Amino acid sequence: HMRRDELDKACEYYARAIEVKPYDSDSRSAMGAALARTGQWQASVEQHRWRLRIEPASLGAAVALAWMLSTVPDDTVRDGEQAVQLAQYACRQTNFRNGGYMDVLAAAYAEVGQFDQATAMAQRVLVSATNNRMTAVAERVERRLNSYRRSQPWREALEQ
């Protein structure tokens, strides 16, 4: 249903799965993604919070939540300070070698107004993506980098 963009139906099935297995992190993650695609930011963030409670050591859960807390268009949902903490944790755990995590950290820095740090982090990701011929990634990072250079945080649902 997600692939066919039948988001209401997808949410219905994910809700059933969560009823049966409330501690299934995959269902929570998928439900969070479906809710984000429908613009239900708060509900999506709650699913990501649940996922992180279920798997507190999951770096993927940490950065998914950090991305949401940094970039959703709803001011009442964003929490830049928590996003920075989560993204920094993930980056430290990978010795700043995961470009995706570093990209999320850049967005989190921009959300809290640390545009110099956001720019520096995004530039590192851009260089790596360019050197590894990851053209699509480089293009996405460059768009965000340009935003940070203008002292603007990035707003987007779930690009990661």
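The values are calculated or read from the model by the stated rules, or taken from the named source; none is laboratory data. This is a predicted model, so every value here is computed, not measured. Glycine also receives a Cβ, built like all others from the backbone with ideal geometry; neighbour counts cover every protein chain displayed. To get the accessible areas, we keep the full protein, side chains included, count just its heavy atoms, and leave off ligands, DNA and RNA. Shrake-Rupley method; radii C 1.70, N 1.55, O 1.52, S 1.80 Å.
Observations
- Selection from segment 106-119 of residues that are of a type in the set (Phe, Trp, Tyr) and either buried (at least 23 other Cβ atoms within 10 Å of the Cβ) or at positive phi (or both): Tyr109
- When the test is whether a residue is among the acidic types (Asp, Glu), open to solvent by less than 80 Å² (accessible area, probe 1.4 Å) and more than 17 Å from the chain's Cα centre (by Cα), Glu46 does not pass it.
- Search result, residues across segment 140-152 that are among the small types (Gly, Ala, Ser) and buried (at least 16 other Cβ atoms within 10 Å of the Cβ): Ser147
- The condition of being among the charged types (D, E, K, R), closer than 22 Å to Ser29 by Cα, touching a residue at least 12 places away in the same chain (Cβ under 8 Å) and open to solvent by 40 Å² or more (accessible area, probe 1.4 Å) holds for only one of Asp79, Asp103, Asp74, that being Asp74.
- Annotation: Ala64 fulfils all but one of (1) open to solvent by less than 50 Å² (accessible area, probe 1.4 Å); (2) in contact (Cβ under 8 Å) with a residue 60 or more places away in the chain; (3) over 24 Å from Gly113 (Cβ atoms); the unmet one is (3).
- The condition of being over 13 Å from the mean Cα position of the chain (by Cα) and open to solvent by less than 80 Å² (accessible area, probe 1.4 Å) holds for only one of Val84, Val127, Val137, that being Val137.
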